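Q: Below you'll find the structure I mean.
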Amino acid sequence: MQHLIDKLPETIEAFSQMRSTIFKDNALDVRTKELIAVASAVLMRCEKCVEIHSERALSNGATKDEIAEAISVAMFIAGGSQLHWTDVYNKILEDSEDNL
């Protein structure tokens, strides 16, 4: 990360400013936004992001049970997203010589 900070300071600053405008109380409070970020990070498969946003969620009043539930929601979405592939699987696995 330090390399990016050194080589792209304006980009890093813009990213930091974007975070500041998003992660503040508004229609959603910061606690809720951090829980969403935890679930999103799970789906993006970013371990460091899960760690960072879990810590921030805790510091903004979330419980470990809430973090666990946010993770479980992400797991459900990830698993459920595969159900829509069943049409593709059916076409591939259909008992027809036309599909070979």
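Q: Could you state the number of Å between the C-alpha centres of segment 4-23 and segment 54-88?
A: 26 Å
Q: Quick check on the chain: helices-only [θ] at 222 nm, where DSSP H runs of length 4 and up contribute -39,500 (n - 2.57) each and the sum goes over total residues. Nearest 500, please. Please report the intermediate quantities before stating the final value.
A: Details: 6 runs with 74 residues, N = 100.
It lands at -23000 deg cm²/dmol.
Q: Multiplying the sequence separation of SER81 and LEU28 by 0.36 nm and subtracting their Cα-Cα distance, what value in nm do you get? Before the final figure, lay out each step's value.
A: Values: separation 53, 0.36 × 53 = 19.08 nm, distance 2.59 nm.
Gain in length upon complete extension: 16.5 nm.
Q: Can you give me the relative contact order of the chain as a percent, contacts being Cα pairs under 8 Å and 6 or more apart?
A: Values: 58 pairs, mean separation 21.2, N = 100.
About 21 percent, as a whole number.
Q: At a Cα cut-off below 25 Å, give the lysines reachable from LYS33, other chains included and same-chain residues fewer than 8 away excluded.
A: Leaving aside lysines fewer than 8 places away in the same chain, those within reach of LYS33 are LYS24, LYS48, LYS64.
Q: Regarding the chain, what whole-number volume in Å³ per residue does the convex hull of its Cα atoms give? The partial results should precede the final answer.
A: On the way: hull volume 16.6 nm³, N = 100.
Per-residue hull volume (Cα only) is 166 Å³.
Bear in mind these aren't lab numbers, they're just calculated from the coordinates by the rules spelled out. Given the structure is predicted, the values throughout are model-derived calculations rather than measurements.
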